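Peer 1: This structure is in structure tokens; I'll ask about it shortly.
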Amino acid sequence: MGKIAKITVHPEYKIGEVDKRLYGAFLEPIRSWVYGGIWNPKHPSADDLGFRKDVLDLVREFELPALRLPGGNWISGWDWKESIGPVEQRKCQLDLAWRQYEPNLVGHDEYVEFTKRANTEALYTLNLGTEDIKSAFHCLEYSLHPGGTYWSDLRRKYGHEQPYNIKTWCLGNETDGRFQIASWEKDPKGYGVRAHEVAKIVKWIDPECETVVCGSHSPDDIDTYPSWELEVLDQCYESVDHVAIHHYHSAPEGNIDVFLNASSSFEAFIKTTLASMDHMKAKKKSNRDMMISFDEYGCSFVKSEDPLYYYDFRRDHHGLFKKETVSRPFKLYDPGNYETDARRRMAIPMLEALGLSSVAMTLLRHADRVKIGCMTGFLRNGIAIDGNHVWKTPTYYAYEQLNKFGRGTSLLPAVNGPVYNIDQVRINSFTSRPSYENVQAIESAATHNEEKGEASIFFLNRDKSNDIPVELDLRGFEGYQVAEHTEMYTDDLNAANTYENQERIKPVLVNGTKMENGKVSTVAKKLSWNFIRLKK
Ligand code: AHR
């Protein structure tokens, strides 16, 4: 075994309070994610609304704190009014984002009801693409006002007596994207004004609500980053609370070093967005900090120029009308015919769990300013779903620990151990990942829940060949002892959890780990996820 990695965690190295919404998820009706995934009236477990109880049960068991829905690029062409009331009167719409038919069988009220039944908080996204201020106003009145007006009484008439408890409102989705329906790419000022006007309505109806304005949808492949959000914020700094950013970290298939260095690209994106927000704070002479809502993220391997990713072509400067994009026929997804999507098929479950945990730890290390984090497809990558079953993946287990124990105050761990260098790689014709030097093989995040007398230290070993001896310096935690140490590891990266064997890869207890003179010594196996919990 080689060089030791030292991790120093001290309760005084405080970053900020962890918002429960940091461990949220994102859901959009893409392919079978909704139609077949969470909803299938013919599924043996279907409830009165057609929701799959097997899915609901596992979401509840996980205690998912927040769910951003109903989209996504899809939201920018969706008319919420066509999705309420008796199902037979609802209109089928064309979804230009994913080249689907949207039958509106799951509509506005059902999405909110799903969050209620799943015991989670809805982070609702308004359409600021094709819909106007009036439509947003009516949606807010329908959803939040107790009654006595046309829209609020309509909600009651449709069986929802009480106003919805939605406290976070996202003002559009990736509105800077050239591929977005009714994009604001060329008019950030116009979008900023629109967002400001809608945010005013949100707060006039319920002053406790928070609003989320779109920043750049990606740091990677667009010319407008990061000046676009500056122009937006100039129009709405005082009425919005969070800037939404999204990032899908990707690596060429098989390149584990790049894949597991998700943290570097997320870190850079967060820092640039904070700089833009704080620049605007100074310009506006405001005394209020804006927060980041990282309300879509992912981590996946890609095959270069794989035609399956027709959507990626649209991010290309010339890709909007590429043959691969526009010749795909529109499709109606049958909930009874579940389709696994391509990215899912390419996923290596253990690596996916490590990559996504690296992202979650990055957000945690910015908990003072990143208040919302939503994993795209948690109801697919974390809670694995097919047409018949749901089961727990390695991602589920890692996030379960983060969600349960990564609470309280986020602490900044200092890591000093073996490092590695990463060469620049090209992902496709318009995206590449830069080179990095001296990346720490061990990545860590930590929290302290003073009230509960608990501290949590999470760390992963990104080294694909070597186990790393780890020495934790925890001398600041006087009176604490190790309550639990688990590691999640597999010697077969091709292994996966299945419905029949959900525990093939999961955290297992490491016996005998103890604190002596404020220090804990252990070994982090190559490509493993580790969690140490201290208790007073
Ligand atoms: O994969 C989900 C899509 O990615 C969302 O619709 C969009 O917001 C993002 O670009």
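Peer 1: Of all DSSP beta bridges located in the chain, what percent are antiparallel, nearest 5?
Peer 2: Percentage antiparallel, nearest 5: 60.
Peer 1: Once the dipole of the stretch 199-242 is set up with Lys and Arg at +1 and Asp and Glu at -1 on Cβ about the Cα centre, which of Pro207, Cys236, Tyr225 lies farthest towards its positive end?
Peer 2: The residue sitting most towards the positive pole is Pro207.
Peer 1: Same structure, new question: As I understand it, the value is the acute angle between the Cα axis of helix 394-405 and the longest principal axis of the Cα atoms of the chain; what does it come to in degrees, rounded to 10?
Peer 2: That helix lies at roughly 90 degrees to the long axis.
Peer 1: Enumerate by residue number the GluC sites (Glu not before Pro) in the stretch 38-114 meeting two conditions: DSSP loop (anything except H, G, I, E, B), and at most 15 other Cβ atoms within 10 Å of the site's Cβ.
Peer 2: Glu63
Peer 1: All other residues with a Cβ under 14 Å from the Cβ of Leu411 taken together, and with Lys, Arg as +1 and Asp, Glu as -1, what is their net charge?
Peer 2: Net local charge, Leu411 excluded: -1.
Peer 1: What net charge is computed for the residues neighbouring Gln440, neighbours being all others with C-beta under 13 Å from the C-beta of Gln440, Lys and Arg scored +1, Asp and Glu -1?
Peer 2: -1
Peer 1: Greater than 20 Å separation of Cα atoms is the criterion. Which listed pairs, Lys186/Lys271; Lys6/Lys526; Lys281/Lys371, meet it?
Peer 2: Distance filter (> 20 Å) returns Lys186/Lys271.
Peer 1: While we're here: Using only the alpha-carbon atoms, how far is helix 262-283 inclined from the longest principal axis of the chain? Give it as 0 to 90 degrees, nearest 10.
Peer 2: 60
Peer 1: Turning to a different aspect of this structure: Considering only DSSP states other than H, G, I, E and B, which trypsin sites (Lys or Arg not before Pro) in the stretch 166-257 qualify as loop sites with at most 12 other Cβ atoms within 10 Å? Walk me through the intermediate numbers first.
Peer 2: Details: sites: Lys167, Arg178, Lys186, Lys189, Arg194, Lys200, Lys203; in loops: Lys167, Arg178, Lys186.
Answer in residue order: Lys186.
Peer 1: Can I ask one more? Relative to the first principal axis of the alpha-carbon coordinates of the chain, what is the inclination of helix 349-364, with its axis defined by its Cα atoms, in degrees from 0 to 90 and to the nearest 10?
Peer 2: 80
Peer 1: What percent does the relative contact order of the chain come to when contacts are Cα pairs within less than 8 Å and at least six residues apart?
Peer 2: 20
Peer 1: A further question on this structure: Suppose a student asked you for the relative contact order of the stretch 374-454, using Cα pairs under 8 Å spaced at least 6 residues apart; what percent would you report?
Peer 2: Values: 92 pairs, mean separation 21.3, N = 81.
Relative contact order here is 26 percent.
Peer 1: Quick check: net charge around Glu450, other residues with Cβ under 15 Å of its Cβ, Lys/Arg +1 and Asp/Glu -1?
Peer 2: Result for the neighbourhood of Glu450: +1.
Peer 1: Now, a different point. Just the number, please: carbon plus sulfur as a percent of the accessible area of the stretch 68-186, 1.4 Å probe, no ligands or DNA/RNA counted.
Peer 2: Whole-percent figure for carbon plus sulfur exposure: 52.
Peer 1: Take the Cα atoms of the stretch 386-500, find their three principal axes, and give me the spread along each one in whole Å, biggest first.
Peer 2: The Cα atoms of the stretch 386-500 stretch 53, 45, 28 Å along their principal axes.
Peer 1: Once amide H atoms are placed 1.01 Å from N in the peptide plane, what residues at a sequence separation of 5 or more from Ile442, or on another chain, have their amide H within under 5 Å of its amide H?
Peer 2: Here the answer is Arg462, since their amide H atoms fall under 5 Å of that of Ile442.
Peer 1: Longest span of the chain, sites excluded, free of chymotrypsin sites (Phe, Trp or Tyr not before Pro) in DSSP loop with at most 15 other C-beta atoms within 10 Å?
Peer 2: Formally, the longest exposed-site-free interval is 331-498.
Peer 1: Let me ask something else about it. Using the Cα centre of the stretch 123-199 as the reference point, and only Cβ charges (+1 on K/R, -1 on D/E), how large is the resulting charge dipole? Debye, rounded to the nearest 20.
Peer 2: Dipole about the Cα centre, nearest 20: 100 debye.
Peer 1: Would you kindly state how much longer the chain becomes between Glu61 and Lys519 on full extension, computed as 0.36 nm times their sequence separation minus their alpha carbon distance, in nm to one decimal?
Peer 2: Computed gain between Glu61 and Lys519 is 161.5 nm.
Peer 1: Next question, about the same structure. Could you calculate the FRET efficiency of Asn416 with Tyr158 from 1/(1 + (r/R0)^6), where r is the beta carbon distance between them and R0 is 41 Å, rounded to 0.05?
Peer 2: Calculated value: 0.10.
Peer 1: Applying the Karplus parametrisation 6.51 cos²θ - 1.76 cosθ + 1.60 with θ = phi - 60° to the phi angles of the stretch 326-341, what ³J(HN,Hα) value in whole Hz is obtained for each residue in order, glycine and proline being reported as x?
Peer 2: After applying 6.51 cos²θ - 1.76 cosθ + 1.60, I find 8, 9, 6, x, 5, 9, 9, 7, 8, x, x, 10, 5, 10, 6, 8 Hz.
Peer 1: Just subtract the alpha-carbon distance of Glu208 and Ser286 from 0.36 nm times their residue separation and send over the number in nm, one decimal.
Peer 2: Values: separation 78, 0.36 × 78 = 28.08 nm, distance 1.98 nm.
Between Glu208 and Ser286, full extension yields 26.1 nm more.
Peer 1: For the stretch 505-518, take each phi angle, set θ = phi - 60°, evaluate the Karplus expression 6.51 cos²θ - 1.76 cosθ + 1.60, and give the result in whole Hz per residue in order, putting x for glycine and proline.
Peer 2: Rounded to whole hertz, the list is 10, 7, x, 10, 5, 9, 7, x, 6, 9, 9, 10, 6, x.
Peer 1: Something else now. Each residue of the stretch 435-444 in turn: what ³J(HN,Hα) in whole Hz from Karplus with 6.51, -1.76, 1.60 and θ = phi - 60°, glycine and Pro shown as x?
Peer 2: Working through the residues one at a time gives 7, 9, 10, 6, 7, 5, 5, 8, 10, 9 Hz.
Peer 1: Turning to a different aspect of this structure: Suppose a student asked you for the relative contact order of the stretch 109-187, using Cα pairs under 8 Å spaced at least 6 residues apart; what percent would you report? Mind dumping the intermediate values first?
Peer 2: Values: 88 pairs, mean separation 27.0, N = 79.
Relative contact order of the stretch 109-187: 34 percent.
Peer 1: So how far apart, in nm, are the two label points at Val326 and Asp492 if each is 7 Å from Cα heading toward Cβ?
Peer 2: The answer from the label model is 4.8 nm.
Peer 1: Using modelled backbone amide H atoms (1.01 Å from N, in-plane), which distant-in-sequence or interchain residues come within less than 5 Å of Ile427's amide H?
Peer 2: Ser432, Arg433
Peer 1: Mind checking the full-extension length gain between Lys404 and Lys134? Use 0.36 nm per residue of separation minus the Cα-Cα distance, one decimal, nm.
Peer 2: Stretched fully, the Lys404-Lys134 segment lengthens by 93.2 nm.
Peer 1: Distance from a point 7 Å along Cα→Cβ of Glu478 to each backbone N in the stretch 7-22: keep the residues under 20 Å and list them by number.
Peer 2: The answer is 8-14.
Peer 1: Now for a different question. Go ahead and run the numbers for FRET between Lys535 and Lys14, Cβ-Cβ distance against an R0 of 25 Å, rounding to 0.05.
Peer 2: 0.80
Peer 1: Could you list which residues have their amide H under 5 Å from that of Ala524, counting only those 5 or more apart in sequence or on another chain, with H placed in the peptide plane?
Peer 2: Ile468, Val470
Peer 1: So if I take the alpha carbon set of the chain, get Rg, then get Rh from the Kirkwood formula, what is the Rg over Rh ratio?
Peer 2: Details: Rg = 22.8 Å, Rh = 23.8 Å.
That ratio is 0.96, to two decimals.
Peer 1: Counting other Cβ atoms within 10 Å, keep those with at most 13, restrict to DSSP loop, and tell me which trypsin sites (Lys or Arg not before Pro) in the stretch 254-301 are left.
Peer 2: Of the trypsin sites (Lys or Arg not before Pro), the ones in loops of the stretch 254-301 whose Cβ has at most 13 other Cβ atoms within 10 Å are Lys284, Lys285, Arg288.
The values are calculated or read from the model by the stated rules, or taken from the named source; none is laboratory data. Fair warning: this is a prediction, and the values are worked out from it, not measured in the lab. FYI the Cβ positions are ideal-geometry reconstructions off the backbone, even for glycines, and counts take in every protein chain you see. What goes into the accessible areas is simple: the full protein's heavy atoms, side chains included, and nothing from ligands, DNA or RNA. Shrake-Rupley method; radii C 1.70, N 1.55, O 1.52, S 1.80 Å.
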